[in-house]
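The values are calculated or read from the model by the stated rules, or taken from the named source; none is laboratory data. This is a predicted model, so every value here is computed, not measured. A quick note on method: Cβ atoms are made from the backbone with ideal geometry, for glycine too, and the neighbour counts reach across all protein chains shown. Areas reflect the complete protein model, heavy atoms only, side chains present, ligands, DNA and RNA absent. Shrake-Rupley method; radii C 1.70, N 1.55, O 1.52, S 1.80 Å.
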Amino acid sequence: MLYHSTRNKSLSVPSAQAIAQGIAADGGLFVPESIPEMTAADFNALKNLPYAERAARIFKLYLTDFTDEELRECTKNAYESGNFETPNVQEITKLADGTMLLELWHGPTCAFKDMALQILPHFLTKSIKKSGIEREVVILTATSGDTGKAALAGFQDVEGTKIMVFYPEDGVSSMQKRQMQTQEGENVRVCAVKGNFDDCQNGVKAIFTDADMQAALAANNMQFSSANSINWGRLVPQIVYYVSAYITMLEQGILKDGERFNLTVPTGNFGNILAAWYAKQMGVPIQHLVCASNVNNVLTEFIETGVYDRNRTFHATVSPSMDILISSNLERLLYHMTHEDDALIQEWFGKLKTDGKYEIPTEIAHRIQAEFSGSCWDDDATKDMIGKVFSENGYLSDTHTAVGICAARDYQENASEKLPMLVASTANPYKFGNAVLEAIDSVPADIDEYAILDLLNEKSKMPIPAALASLKTKPVRFSDSVEKSEMPAYVKAKLGIA
Ligand SMILES: *Cc1c(COP(=O)(O)O)cnc(C)c1O
């Protein structure tokens, strides 16, 4: 299996190179030349296997330049070394109204990003060897809060790598900031940017594709790669958990062979929902995909109208990991939806850069609408839903998941065909404790984030994740903050190549 750039399909590289590079030199994203299909027999053959084994076999369909042994080593290290608090790695919880939640946050940093970022460093170190690269790899990451911590945890002290994370200074929860600022490891660095997530992401993308910067790195025997979902190595583990979730639902008798279901995904950069779409193309019987957003509703509008317009006010919400106006992975979906028209993709994403806006033809918009709906919800609706789910089930959901539940319930109420609904549950509620507590009770004045954990625990009896409780005693190691224009200089200075 080879990978093309969304902006130039004559470029073909093996998966190891796509992963090692992160992004194509032309600024396009790597996409598989074809999407492998699985039959009912293939799904059944993966029943009753541990997650790591199931994952290794699904990875094999996409990462064909890796050996079975290499893939098993990667999945064992990621999913069977005690990093996940549940042996199943992912769990499915059913709410009283029938909605099912796919809990993807049982990893070390309490968000779904761990599902991919616990394995990406293993893929990456193997990819580097395979590609014959003898340079140090510098992972440059923009984060809306969760990717940063998950990437730091994954790459901490991984030989041959350095990692640098940029987050929006006022755009993450206090717990997310704590998690990053206290990160341990010799090869890590964290820096705040005076701007929003899009500023961080644009800054990082610009540094990646800047020829001078690349030359400076090469002269110092270094090269960049990415831990963002623009890296194929991030997406493929996410495809795996959707395939695996379907098999688990078969095992548990929730679904019969081939029985269709709907899926809602709380969305920001469009990575998680795109992975679900790939799983659907592979044969997982997902009928409809609901793309849930907060008031940063650029995707809802795009799905409904075919116009992508980032020229709008950016809102900071209680679901900060979805406060994004440029959803990078949409580029991959559009590449597939246009039947791989790389010239069109170049044109649209050029316009996005210069005008902040592009419009797709009605015919292609209809193709997207046949598989996706958009749905957006504000902070009040989000908190109301957390309260409702808690009173009906005694179950705490985080703010992002709650946006998803709002969208899922709304879709189900209006759908002509009532199919089972699965919602991707993307974070542990304790990670966004302030908003979650506000949703189920009042928050006492002057209370710190750790006291909030205790209060939430008293009310819900849900265990506090050790990874969050232990932050209290960890020293802050990183408090740098830069203007977005200073990002390139900061990178050079901290790498010692200025
Ligand atoms: C990253 C994140 C999202 C958005 O996922 P995308 O892949 O960027 O669409 C949603 N919820 C949480 C908790 C996240 O960390």
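Looking at (1) away from the ligand (no atom under 16 Å from the Cβ); (2) outside any helix (DSSP H, G or I); (3) open to solvent by less than 20 Å² (accessible area, probe 1.4 Å), can you tell me which one Arg312 breaks?
The one condition Arg312 does not meet is (3).
State whether one or more residues within the range 158-171 are over 23 Å from Asn434 (Cα atoms), in contact with a Pro (Cβ under 7 Å, 6 or more places away or on another chain) and open to solvent by 10 Å² or more (accessible area, probe 1.4 Å).
Within the range 158-171, one or more residues are over 23 Å from Asn434 (Cα atoms), in contact with a Pro (Cβ under 7 Å, 6 or more places away or on another chain) and open to solvent by 10 Å² or more (accessible area, probe 1.4 Å).
Sort through Thr64, Thr99, Thr109 and tell me the only one that's β-branched (Val, Ile, Thr) and within 21 Å of the chain's Cα centre (by Cα).
When all the criteria are applied, what remains is Thr109.
Under the condition of being among the small types (Gly, Ala, Ser) and either under 16 Å from Asp146 (Cβ atoms) or touching a Gly at 6+ places or on another chain (Cβ under 9 Å) (or both), which residue from the range 214-244 is surrounded by the most Cβ atoms within 10 Å (Cβ to Cβ)?
Checked the range 214-244; the qualifying residue surrounded by the most Cβ atoms within 10 Å (Cβ to Cβ) is Ala227.
What about Asn296, is it part of a loop (DSSP other than H, G, I, E, B), within 14 Å of the ligand (Cβ to nearest atom) and under 21 Å from Leu330 (Cα atoms)?
yes
Kindly provide the set of residues from the range 333-374 that are of a type in the set (Phe, Trp, Tyr) and either more than 14 Å from Phe270 (Cβ to Cβ) or touching a Pro at 6+ places or on another chain (Cβ under 7 Å) (or both), ordered by number.
Across the range 333-374, the qualifying residues are Trp348, Tyr358.
Evaluate the range 133-150: report whether one residue or more is touching a helix residue (DSSP H, G or I) at 6+ places or on another chain (Cβ under 8 Å), free of Cβ contacts under 8 Å to residues at least 40 places away in the same chain and within 23 Å of Gly22 (Cα to Cα).
Scanning the range 133-150, I find no residue that is touching a helix residue (DSSP H, G or I) at 6+ places or on another chain (Cβ under 8 Å), free of Cβ contacts under 8 Å to residues at least 40 places away in the same chain and within 23 Å of Gly22 (Cα to Cα), so the answer is no.
Having 1 or more residues that are of a type in the set (Ser, Thr, Tyr), within 21 Å of Pro488 (Cβ to Cβ) and more than 20 Å from the chain's Cα centre (by Cα) is the bar; report the helices (runs of 4 or more DSSP H) wholly within the range 130-213 that clear it.
Per the criteria, 197-209.
Output the residues belonging to the range 233-270 that are away from the ligand (no atom under 16 Å from the Cβ) and part of a strand (DSSP E or B).
Phe261, Asn262
Among the residues of the range 327-346, is any within 16 Å of the ligand (Cβ to nearest atom), in contact (Cβ under 8 Å) with a residue 24 or more places away in the chain, hydrophobic (A, V, I, L, M, F, W, C) and not in a helix (DSSP H, G or I)?
no
Name the residues in the range 4-24 that are more than 20 Å from the chain's Cα centre (by Cα), among the hydroxyl-bearing types (Ser, Thr, Tyr) and under 19 Å from Ala116 (Cα atoms), would you?
Passing the criteria: none in range.
Looking only at the range 325-356, which residues are open to solvent by 20 Å² or more (accessible area, probe 1.4 Å) and of a type in the set (Val, Ile, Thr)?
Once the filter is applied, which keeps residues that are open to solvent by 20 Å² or more (accessible area, probe 1.4 Å) and of a type in the set (Val, Ile, Thr), the range 325-356 yields only Thr354.
What do you reckon, is Ala142 open to solvent by less than 40 Å² (accessible area, probe 1.4 Å), within 14 Å of the ligand (Cβ to nearest atom) and more than 17 Å from Phe224 (Cβ to Cβ)?
The answer is no for Ala142.
Please work out which residue is nearest to Glu458 (Cα to Cα), limiting yourself to the range 402-433 and to residues that are under 20 Å from the mean Cα position of the chain (by Cα) and among the polar types (S, T, N, Q).
So, considering only residues that are under 20 Å from the mean Cα position of the chain (by Cα) and among the polar types (S, T, N, Q), the one nearest to Glu458 (Cα to Cα) is Asn428.
Quick one: in the range 111-129, of everything that is within 16 Å of the ligand (Cβ to nearest atom) and in a helix (DSSP H, G or I), which residue is farthest from Leu495 (Cα to Cα)?
Only one residue tops the list, namely Met115.
Is it true that Ala211 is over 30 Å from Val436 (Cβ atoms) and open to solvent by 10 Å² or more (accessible area, probe 1.4 Å)?
yes
Has the range 411-432 got at least one residue that is over 30 Å from Glu259 (Cβ atoms), of a type outside the set (Phe, Trp, Tyr) and either in contact with a strand residue (DSSP E or B) (Cβ under 9 Å, 6 or more places away or on another chain) or surrounded by fewer than 22 Cβ atoms within 10 Å (Cβ to Cβ) (or both)?
Yes: the range 411-432 contains one or more residues that are over 30 Å from Glu259 (Cβ atoms), of a type outside the set (Phe, Trp, Tyr) and either in contact with a strand residue (DSSP E or B) (Cβ under 9 Å, 6 or more places away or on another chain) or surrounded by fewer than 22 Cβ atoms within 10 Å (Cβ to Cβ) (or both).
Please return the ranges of helices (runs of 4 or more DSSP H) entirely within the range 1-94 where 3 or more residues are under 27 Å from Ile163 (Cα atoms) and of a type in the set (A, V, I, L, M, F, W, C).
15-21, 51-62, 68-79
Being under 30 Å from Val204 (Cβ atoms) and more than 21 Å from the chain's Cα centre (by Cα) is the filter; apply it to the range 27-60 and report the residue that is least open to solvent (accessible area, probe 1.4 Å).
Filtering first and then ranking leaves Ser34.
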